Each structure stands twice: as structure tokens, then as C-alpha cells.
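Colleague: Below are the C-alpha cells for one structure; questions will follow.
The values are calculated or read from the model by the stated rules, or taken from the named source; none is laboratory data. Because the structure is predicted, anything quoted here is derived from the model rather than measured. Cβ: placed from backbone, ideal geometry, glycine included. Neighbour counts: every protein chain shown.
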């Protein structure tokens with residue numbers, strides 16, 4: 001059996017959207033002939049965790065934890081992470097701004113140097129056939145580049161999102177932008193294979209004026225078929241027939257869309273006297289306490305509930321019990337390459353989807369293929385009107401039936417891992433030719 005050395009900051013018990021893709025790789029690659037060694041952050045080096053995910057890590061996976069080294073981990077050790085992912089994410093915004101000035105490519109650069117040393121030490125012990133790095137943070141690719149150069153092993157650079165500081169945040173000076181662009185180019189041109197989670201990102205890389213990858217593969221996030229509901233050891237909760245549940249799952253920190261949602265709910269309650277009795281908005285994920293305070297100030301207690309971070313199986317059960325799943329993404333052209341990982345879970349649930357997305361992009365096309373509804377971004381009026389129409393339909397006809405989406409079968413993470421395994425086999429065999 002071959003072995004891949006995976007460099008990924010986020011790995012269980014750390015939680016958040018970035019964990020599930022790499023976890024699925026390590027779950028599904030071994031039956032395809034690839035054992036995995038994971039070099040990852042320490043168990044307390046992020047402000048959101050889900051200990052239940054540890055049970056999904058195959059017992060044969062070798063895990064090498066490199067604790068500390070990032071600005072965030074230092075801050076968490078100094079201040080504490082807060083309960084259940086409940087904290088003001090705006091506390092971390094100044095750290096991010098400072099990192100944009102002083103730490104390249106990001107605030108995890110110090111961790112990446114330590115991770116590279118740990119990875120090289122593991123390679124020296126033998127038995128490693130390939131290096132795979134998965135970002136964000138982008139600094140993991142610099143660690144993998146150092147390992148690949150020092151070992152001459154093939155290297156797969158996996159981009160869950162585009163190079164964050166260059167494409168999603170504005171570098172503070174032209175000098176910083178040039179440095180970030182040079183780092184991105186080195187990774188894209190030196191990796192043996194570049195993976196992207198969205199087709200739009202792959203197309204943008206192909207069209208870039210600079211150097212292009214040796215090989216490029218679009219590998220979508222996909223989803224795991226719904227697991228048994230395990231947190232309480234019982235069956236999934238039955239849908240609440242007395243209330244209309246709008247559910248959002250995912251990170252709510254530093255998301256202005258939460259404000260749009262609170263504004264929309266307030267306007268809907270003003271227009272429809274009976275909506276307060278039936279509407280329930282369940283927000284599941286780490287959140288900023290500012291948003292909770294704003295919701296309470298608007299008198300939305302009992303209608304809008306911030307549940308905080310929950311075990312992943314419980315979150316999936318909540319998706320399947322929803323009357324409507326809400327999806328959003330930051331506005332702006334530069335975010336068109338983002339296809340949120342949870343969108344595939346939403347699609348797999350079969351439940352109706354309402355998405356605040358810009359038109360004619362990849363995520364919107366997936367929503368519309370699933371007969372979901374897209375409305376303009378950052379419009380509280382459009383969201384209030386859409387929710388009002390949905391509640392009126394629910395009052396008249398009851399809970400909507402699940403929407404069959406058989407076309408999703410090609411997007412299971414097992415199928416996606418099989419595509420990855422074939423590509424990795426090809427890289428190793430080319431090296432031996």
C-alpha cells in the first residue's frame with residue numbers, strides 16, 4: 001500500500017467547513033490503496049471544535065499534531081476560545097489585519113514552518129510516496145513545497161478556496177500583492193497536480209496570464225451520505241409540524257448576511273401578525289455575540305435561535321428536518337469561485353433551498369438545478385418577501401416533500417476520493433517510469 005503525507009491545519013477534533021474535505025480523503029483513500037499520515041494543528045488550535053468527528057478518523061491513520069505556531073493559536077491560549085464556538089469573531093479581525101501586513105502569506109506562517117520540519121522528519125523515516133497539502137490556510141502549501149523539494153516526492157496542492165489573502169482580501173500595499181501573487185504562482189507551477197473545489201476556480205487558473213499548473217483537476221467538495229444520528233444514540237428528531245423552520249448551518253462569524261437575515265425577519269414580523277407564532281429560524285454554527293445581542297434588541301427572541309456549534313451528525317439531522325435551508329455567500333465578484341461545502345449537504349438532504357447568491361455562478365447553478373430559489377444578495381426586502389411566500393405556502397399545503405436528486409450520486413466523497421486516488425497513482429507511476 002502507498003502512503004500519502006497530508007499537510008492540513010484543520011483536522012478533527014478541530015471543526016468548521018475546512019475539516020470535512022480532508023477528513024473524507026483520509027477515510028476513503030485507504031480502501032483505494034493509499035494509507036494516510038496527517039500533519040495537522042494541535043487539538044486546541046482553533047476556536048471551533050467537534051470531538052465527535054474524531055470517531056470518523058480511521059484508527060490506522062497516522063496523525064502528527066504540531067501545536068501552536070499561529071497567531072490564532074497564541075491568542076486562544078491567552079484568552080480562551082469561549083463556549084461552543086460562541087465568541088465575537090471581530091476579536092480576531094485585528095489579528096488578521098496585522099497578519100496581512102507582517103505575516104506572509106497568512107497568520108499561520110509560523111505553524112507552517114514547524115509543520116514542514118515535522119513532515120520532513122516523518123519523510124526521513126521512510127514509507128512516504130506523495131505529499132498532499134490542502135488550504136486554507138495558504139501557508140500549508142509553502143510547507144508542502146519545502147517538503148517536496150527536500151524529498152523529491154510528487155506533490156498535490158488542493159485548493160478548497162482560492163489563495164485567500166490575494167483573492168478574497170485586499171493586500172495592504174502593491175508590494176504585498178506582488179509577494180502574494182509570486183507565492184501563489186510558485187505553488188501553482190511547481191506542484192505536480194493542482195486540485196480545485198470549484199470549476200470556476202479551475203477556469204480562472206487556466207485563464208491566468210502567469211504560469212499554469214503542470215496538471216489541474218476539478219475535484220468538488222461533495223458530501224457523505226447522511227450518517228445515522230449518533231449524538232444521543234437515538235433516531236433523528238421528527239420534523240416540527242407546528243412551526244416553519246428556516247435553518248442555516250455554518251460559520252456565522254464576520255458574516256454581514258446575518259444582519260440582512262435579522263432585518264428581513266423583523267420586517268416580516270411587522271407585516272404578518274401571525275408569523276411570530278409559526279416562524280422559527282435556527283442558526284447552527286459558531287457565531288459572533290454581537291449578532292445575538294442585535295437579535296435580542298430587535299425582539300426576535302423565540303423566533304431566531306443561535307444554537308452555536310453542534311456535532312456534525314446533529315447538524316446534518318437539523319438540515320434534514322428543516323422546512324427551508326438558507327444559503328448565502330459574501331457579495332462581490334471575487335467570491336464567485338466559492339462553492340460552499342455545505343451546499344452539497346443541503347442538496348443531499350432533499351429539502352428546499354433559498355439562496356442569497358449572485359446570478360450566473362457555479363453555486364447558483366447548483367441551487368437552481370435542485371429547483372431551489374435564488375434571490376439578490378444583501379436585500380432584506382427580497383429575503384422578507386421570499387420567507388413570507390414560503391410561510392403562506394406552508395400554511396396552505398403543509399410541509400414540502402423531499403426533492404429527489406439522483407444526479408448527486410456522482411458527488412459522494414467516496415467517488416471523489418476514487419478520482420483523487422487514480423490521479424495520485426498516476427503521479428507515482430510517472431515518477432517510477
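Colleague: If you check 167, 176, 141, 201, which single one turns out to be within 23 Å of residue 38 (Cβ to Cβ) and either in contact with a helix residue (DSSP H, G or I) (Cβ under 8 Å, 6 or more places away or on another chain) or surrounded by 15 or more Cβ atoms within 10 Å (Cβ to Cβ) (or both)? Spell out the reasoning first.
Modeller: On the way: 167 fails: within 23 Å of residue 38 (Cβ to Cβ); 176 fails: within 23 Å of residue 38 (Cβ to Cβ); 201 fails: within 23 Å of residue 38 (Cβ to Cβ).
Result: 141 is the single residue among 167, 176, 141, 201 that is within 23 Å of residue 38 (Cβ to Cβ) and either in contact with a helix residue (DSSP H, G or I) (Cβ under 8 Å, 6 or more places away or on another chain) or surrounded by 15 or more Cβ atoms within 10 Å (Cβ to Cβ) (or both).
Colleague: State yes or no: is residue 422 free of Cβ contacts under 8 Å to residues at least 40 places away in the same chain, touching a helix residue (DSSP H, G or I) at 6+ places or on another chain (Cβ under 9 Å) and assigned by TED's automatic domain parsing to the domain that holds residue 215? Write out each step before concluding.
Modeller: Details: free of Cβ contacts under 8 Å to residues at least 40 places away in the same chain: yes; touching a helix residue (DSSP H, G or I) at 6+ places or on another chain (Cβ under 9 Å): yes; assigned by TED's automatic domain parsing to the domain that holds residue 215: yes.
Here the answer is yes, as residue 422 does meet what is asked.
Colleague: Hey, another quick one. Restricting to helices (runs of 4 or more DSSP H) lying wholly in the range 141-220: which have 1 or more residues that are closer than 23 Å to residue 431 by Cα? So that I can check it myself, show each step before the final result.
Modeller: On the way: elements: 164-167, 174-190, 199-207.
The qualifying helices (runs of 4 or more DSSP H) are 174-190.
Colleague: Then there is this: Give me a count of the residues in the range 388-423 that are touching a strand residue (DSSP E or B) at 6+ places or on another chain (Cβ under 7 Å) and farther than 30 Å from residue 4 by Cα. Explain how you work it out, then say what you get.
Modeller: Of the range 388-423, the ones touching a strand residue (DSSP E or B) at 6+ places or on another chain (Cβ under 7 Å) are 390-391, 394, 411-413, 421, 423.
Then drop every residue that is not farther than 30 Å from residue 4 by Cα, which leaves 390-391, 394.
Residues meeting the conditions: 3.
To keep it simple, each residue is scored yes or no on (1) in contact (Cβ under 8 Å) with a residue 40 or more places away in the chain; (2) surrounded by fewer than 22 Cβ atoms within 10 Å (Cβ to Cβ); (3) assigned by TED's automatic domain parsing to the domain that holds residue 398.
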{"site": "249", "(1), (2), (3)": "yes, no, yes"}
{"site": "252", "(1), (2), (3)": "yes, no, yes"}
{"site": "265", "(1), (2), (3)": "yes, no, yes"}
{"site": "274", "(1), (2), (3)": "no, yes, yes"}
{"site": "278", "(1), (2), (3)": "yes, yes, yes"}
{"site": "282", "(1), (2), (3)": "yes, yes, yes"}
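Colleague: Residue check: is residue 341 more than 17 Å from the chain's Cα centre (by Cα) and in the same structural domain as residue 256 (by TED's automatic domain parsing)?
Modeller: The answer is no for residue 341.
Colleague: Checking the conditions here, which among 286, 352 is in contact with a strand residue (DSSP E or B) (Cβ under 9 Å, 6 or more places away or on another chain), under 24 Å from residue 398 (Cα atoms) and surrounded by 16 or more Cβ atoms within 10 Å (Cβ to Cβ)?
Modeller: On the way: 286 fails: under 24 Å from residue 398 (Cα atoms).
After applying the criteria, what remains is 352.
Colleague: Could you say whether any residue in the range 148-159 is at pLDDT 95 or above and more than 22 Å from residue 3 (Cβ to Cβ)?
Modeller: Within the range 148-159, one or more residues are at pLDDT 95 or above and more than 22 Å from residue 3 (Cβ to Cβ).
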